[in-house]
Amino acid sequence: MTNAMIPDYRAFLDKKRLEDVASGFDGEPRNQNLFDFQRAIVRWALRRGRASIFADTGLGKTLMQTAWAEEVMYHTGKPVLILAPLSVSHQTVREADRFGIAPITYVRNDSGIDDTPALWITNYEMIERFDLSRFAGVVLDESSILKSYDGKYRTRIIEACRQTPYRLSCTATPSPNDYMELGNQAEFLGIMSRVEMLAMFFTHDGGDTSSWRLKKHGAVKFWEWMSSWAVVIRSPADLGFDGSRYDLPPLRLVERHVDAGNIGGDLFGGCAMTLTDQRKAKRASLDERVKQCADLVNSTPGPWLVWCHLNDESDLLAKAIPDAVAVAGSDTIEHKERAMDDFADGKLRVLISKPSICGFGMNWQHCHQMAFVGIDHSFEMFYQAIRRSWRFGQTMPVDVHLFLGASEGLILENLKEKEQRHNEMSRRMVDYMQDMMQKAVFGATIEKSDYTRDVARGEGWEMHLGDAVEVVSEMDEAIIDYTIFSPPFASLYTYSNSDRDMGNSKDADEFYRHFEFLVSELYRVTKPGRLLSFHCMNLPTLKQREGHVGLRDFRGELIKTFVDAGWIYHSEVCIWKDPVTQMQRTKSLGLLHKQIKKDSAMCRMGIPDYLVTMRKPGDNPEPVTHTNESFPVQKWQRYASPVWMDINPSRTLQFACARDNDDERHICPLQLDVIERAIDLWTNPGDLVLSPFGGIGSEPYTALKMGRRAVAVELKRSYWEVAVKNIKQAKVGTMDLFCALQEAA
């Protein structure tokens, strides 16, 4: 019989589902210069209200973002502000006028801005001079540039726009493995904080806590979520439109190796292996690289972009190329703007600068010749610099000359490897999102059903495939004699991509709201005076996720959850774990011996397991009794110890055959020693034992082997199928721990 709480539970799941509600309006862009795919994207972004357009260079991002801003202005009757990199502001003003957008005015502060409808644009550097709450909408042009600023600056932009109802972030196709950038975009739009995104979809391996990767089970869920608020296109064909007119011309990379001699002490044939050696190599070849580049530029007519890495390179190039102007970081804003505008207008033949200064946003299709006199390991800077000229709309082959010292080959090889990874991951990202983006842009719904029910039964046991909350809610009241389980570790491990998986929670609050539904149902089905035990550990905190390195009292939080639901905190035992094994598996900073020498204030002890037991109030109608023969004093003293030192961590059911390809590190089966002791101490033969997180069946298997009855629930089918096999083995009195061999037979 379905419990009355189920409607509330399903309402919670609906809220948990990652479907950000559209906050915009239906509107048809009035600008007639939009191509079909651009019009569809702008219409979608208006309906979303807060969205991201990740469109590759030359796909008309400026037209789309200004058309969006114009419609927001007319719809709200209020001003809209565009934030852009230096000098891109002037380019945007010119292009908006060319495309018939309402006039856009460049400003450096908001002193002349009132509440009347108008479009304004300024540079990111000027944001401190603006009250962004005055605007109905804000556009971030080349929003990936936020990575160039420190965390305080990014936070300032995000916080300043929090009350702005309409927000649009635009950039070229983002790096698919730069998840921090995607987190910045989502947080700016108010969809999800970067911390929440990391907790829900990502994990890290070992001690490298700054390197995050998608949880394997989280991949589909992540791209599905991202497609609800972002459009990522490399070509109109990605959205089902004709992309033939967007074929790029050839890109010709010409490597020009400069012989500046060996930098000394080098065992790798002149290839600088360390960063120090690479800096020495740059200095050693500086004069020759500048000379050869200047000779080429001076002897070849037409506009040139010359990119450098060091200030000395810029200074020497400016002297060696008479008709060149250099733009350096120390120059005034006026000088930077004038030089870039003059180059765009054809008044300046040669522009010299660093990619970090002039490499974002500018449309310099009139130029098809560029040179790199200095490079570093940043593929994004290298890619962005090339795309100023090599972009859709360019009619000429683009020649890129790389002037490299003989010892700088390692840097170039690194860039080539990063390019291969970028291209492959970009392709995979669009492939993942293509169908979902098309459905979002064209208004179709994503049909998905990832929840099924099933049950296997035998003599004295039931193994349910389903959601523990719903299955337990269907049980009769006060029928369970004892419950034992290991709960999901609040996003530390995610076992499936289902919203019903408690590990799929964006933060601790959502996890506990989900878990509380189960705790109250467990209380209802447990007999008065009987017990429930959960196995857990305290959880490490991470700087990128929680903001600090330390521990979280997960054990205490779980105890409080049960006590709040009416349970009595009955007892607990600490289970010793080997800190050396933990260190080898996690590479945790606090357990590394070298940290003793560096700063032992960051050292800590290993994290033990706990078996915490709760009791339902009331008199136990069927006392659990033992004899001196079945429970001698020596055995009782071992069980009664507050610390169990003799639990064999390797004595678990075989789980390798339950793993999916997308499973993370391990399934975490509960040790059989722990289950046996708990069932032995707190149940009678024939008692009914419940495991709401059945996994591969460790708890029901042990209960049946010990002459009890068992009922268990598991959400994931691959685990459930293995659990059923294990339980059947328990009933016939045998168990082959190497179930993979059984499968092969």
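Points to keep in mind about this one:
- Restricted to the range 111-137, and to residues there that are hydroxyl-bearing (Ser, Thr, Tyr) and under 19 Å from Ala96 (Cβ atoms), the residue that is surrounded by the fewest Cβ atoms within 10 Å (Cβ to Cβ) is Thr116.
- Within the range 597-622, residues that are without any contact (Cβ under 8 Å) to a residue 40 or more places away in the chain and assigned by TED's automatic domain parsing to the domain that holds Gln671 reach partners that are loosely packed, with under 13 Cβ neighbours inside 10 Å and part of a helix (DSSP H, G or I) with beta carbons closer than 7 Å, at six or more positions or on different chains, in the pairs Cys603/Ile596.
- Output for the range 91-105, where each listed residue is part of a loop (DSSP other than H, G, I, E, B) and either surrounded by 20 or more Cβ atoms within 10 Å (Cβ to Cβ) or in contact with a strand residue (DSSP E or B) (Cβ under 8 Å, 6 or more places away or on another chain) (or both): Ile101, Ala102, Pro103
- Checklist (1) without any contact (Cβ under 8 Å) to a residue 40 or more places away in the chain; (2) over 28 Å from Phe485 (Cβ atoms) applied to Gln584, failing item: (2)
- Residue, farthest from Gly60 (Cα to Cα), within the range 333-361, restricted to residues that are out of contact with any strand residue (DSSP E or B) (no Cβ under 9 Å at 6 or more places or on another chain) and in a loop (DSSP other than H, G, I, E, B): Lys347
- Counted residues, the range 639-653 - those being surrounded by 17 or more Cβ atoms within 10 Å (Cβ to Cβ) and not in a loop (DSSP other than H, G, I, E, B): 1
- Residue match in the range 310-332 (condition: out of contact with any helix residue (DSSP H, G or I) (no Cβ under 7 Å at 6 or more places or on another chain) and in a strand (DSSP E or B)): no
- Residues of the range 697-726 satisfying the condition of being hydroxyl-bearing (Ser, Thr, Tyr) and over 31 Å from the mean Cα position of the chain (by Cα): Ser698, Tyr701, Thr702
- Only one entry of Tyr106, Tyr9 meets the criterion of being in contact with a helix residue (DSSP H, G or I) (Cβ under 8 Å, 6 or more places away or on another chain) and outside the structural domain of Asp141 (by TED's automatic domain parsing), and that entry is Tyr9.
- Checked against the criterion of being under 19 Å from Leu317 (Cα atoms) and not assigned by TED's automatic domain parsing to the domain that holds Gln91, the candidates Leu412, Leu404 yield just one match: Leu404.
- Checked against the criterion of being free of Cβ contacts under 8 Å to residues at least 24 places away in the same chain and in contact with a strand residue (DSSP E or B) (Cβ under 8 Å, 6 or more places away or on another chain), the candidates Gly686, Gly697 yield just one match: Gly686.
Okay, residues lined up against (1) within 24 Å of Ala160 (Cα to Cα); (2) out of contact with any Phe, Trp or Tyr (no Cβ under 8 Å at 6 or more places or on another chain):
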| residue | (1), (2) |
| --- | --- |
| Asp26 | no, yes |
| Leu34 | no, yes |
| Leu63 | no, no |
| Pro79 | yes, no |
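- Count of residues meeting criterion [part of a strand (DSSP E or B) and at pLDDT 95 or above] in the range 539-574: 7
- Within the range 675-714, the set of residues being buried (at least 24 other Cβ atoms within 10 Å of the Cβ), part of a loop (DSSP other than H, G, I, E, B) and of a type outside the set (Gly, Ala, Ser) comprises Pro692, Ile696.
- Hey, Ala55 touching a residue at least 60 places away in the same chain (Cβ under 8 Å), under 17 Å from Gly137 (Cα atoms) and buried (at least 24 other Cβ atoms within 10 Å of the Cβ) or not: no
- Scope the range 362-374; condition in a loop (DSSP other than H, G, I, E, B), in contact with a strand residue (DSSP E or B) (Cβ under 9 Å, 6 or more places away or on another chain) and at pLDDT 85 or above; matching residues: Trp364, Cys367, His368, Val373
- Filter result for Arg524 (outside any strand (DSSP E or B), in the same structural domain as Glu477 (by TED's automatic domain parsing) and under 33 Å from the mean Cα position of the chain (by Cα)): no
- Within the range 236-249, if we keep just the residues that are of a type outside the set (Lys, Arg) and under 17 Å from Thr395 (Cα atoms), the residue that is modelled with the highest pLDDT turns out to be Pro249.
- On the stretch given as the range 9-38, residues that are surrounded by fewer than 18 Cβ atoms within 10 Å (Cβ to Cβ) and without any contact (Cβ under 8 Å) to a residue 60 or more places away in the chain total 11.
- Given (1) in contact with a strand residue (DSSP E or B) (Cβ under 6 Å, 6 or more places away or on another chain); (2) aliphatic (A, V, I, L, M); (3) modelled with pLDDT under 95, number of the condition Ala160 does not satisfy: (1)
The values are calculated or read from the model by the stated rules, or taken from the named source; none is laboratory data. Computed from a prediction, not measured in an experiment: that's the story for all the values here. Glycine gets a Cβ as well: all are built from the backbone with ideal geometry, and neighbour counts include every protein chain shown.
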